[in-house]
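Shown next, in structure tokens, is the structure this report addresses.
The values are calculated or read from the model by the stated rules, or taken from the named source; none is laboratory data. Only a predicted model underlies this, so the values are computations on that prediction, with no experimental measurement involved. Please note that ligands, DNA and RNA were not included when accessible areas were found on the heavy atoms of the full protein model with its side chains. Shrake-Rupley method; radii C 1.70, N 1.55, O 1.52, S 1.80 Å.
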Amino acid sequence: MSPRRQNPDNRTTLIDAAARLVAEGGPRSLSARRLATEAGTSTMAVYTYFGSMSAIVREIVHDGFARLQRLFDLVEPTDDPVADMALLGRIYRHNAITNRHVFEVMFGGSSLAGFALTEQDRQHGRYTLTTVVDCAHRCVAAGRFRREDPALLAHHMWLGVHGTVLLDLGGYLVPPYDVNLCFESQLVGLMIGAGDDPVSAATSVTASGSRFDTGFGGGFDGGFGGGSGQAT
């Protein structure tokens, strides 16, 4: 008898429900019974898909980075690599907002005590940065960024955007220094900090906003909201 085929929609529903439980109530809130109730399924389905609570936390992390990578993959390289870099930053923010609970578990750190992530789990996330490193290579090759280790430049981009996202999700950025103002200014500042000149950096960041608004020419299923990367 062939094994029963798993429904990928059920798996995604369980991952999202588990992420919400952990993000809102901590690891102790995660149990097979409660997860099944939240997801509208059975406890048997929970164990069929994931086997254990520790396994589902790891799956949340892996699935979260996979979602981010799928969005990164939609960015086709252009002759303006700095705009491509800014677009990756917008996507990172968009992904965090639209998958907020998954994002919070991905970077939960000590809050996930009892479900400790392994170095292998974290390396799985670091692989996503390869897209940003490749873009940094192109920025350097185009003479827009200074000749520095592209991987280090990519880490600077990650650190900068990630910090703004955390403050945004925490509700710390309010008018007159709201998240949109800070984020747009930060993108320009990151490009200048990497070696680009101010005028070119501002022009490329503006261009990335236009591309974000149009969903890469309609290539993104679901739309993006405003050019700042704010989800609607």
Check: For residues in region 170-202 being assigned to a loop (DSSP other than H, G, I, E, B) and of a type in the set (D, E), which is most open to solvent (accessible area, probe 1.4 Å)?
Finding: D197
Notebook entry, point to check: Looking only at residues in region 108-164 that are of a type in the set (D, E, K, R), part of a helix (DSSP H, G or I) and at pLDDT 95 or above, which one is farthest from I60 (Cα to Cα)?
Noted result: R138
Notebook entry, point to check: Within region 130-169, how many residues turn out to be over 30 Å from H101 (Cα atoms) and open to solvent by 30 Å² or more (accessible area, probe 1.4 Å)?
Noted result: 10
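Looking for something part of a helix (DSSP H, G or I), closer than 19 Å to H155 by Cα and either among the polar types (S, T, N, Q) or within 12 Å of the chain's Cα centre (by Cα) (or both) - is there at least one such residue anywhere in region 97-107? Break it down stepwise before answering.
The first filter runs over region 97-107 and keeps only residues part of a helix (DSSP H, G or I), leaving 97-98, 100-106.
Within this subset, residues satisfying the condition of being closer than 19 Å to H155 by Cα are 103, 106.
Subset that is either among the polar types (S, T, N, Q) or within 12 Å of the chain's Cα centre (by Cα) (or both): 103, 106.
The answer is yes, given that some residue of region 97-107 is part of a helix (DSSP H, G or I), closer than 19 Å to H155 by Cα and either among the polar types (S, T, N, Q) or within 12 Å of the chain's Cα centre (by Cα) (or both).
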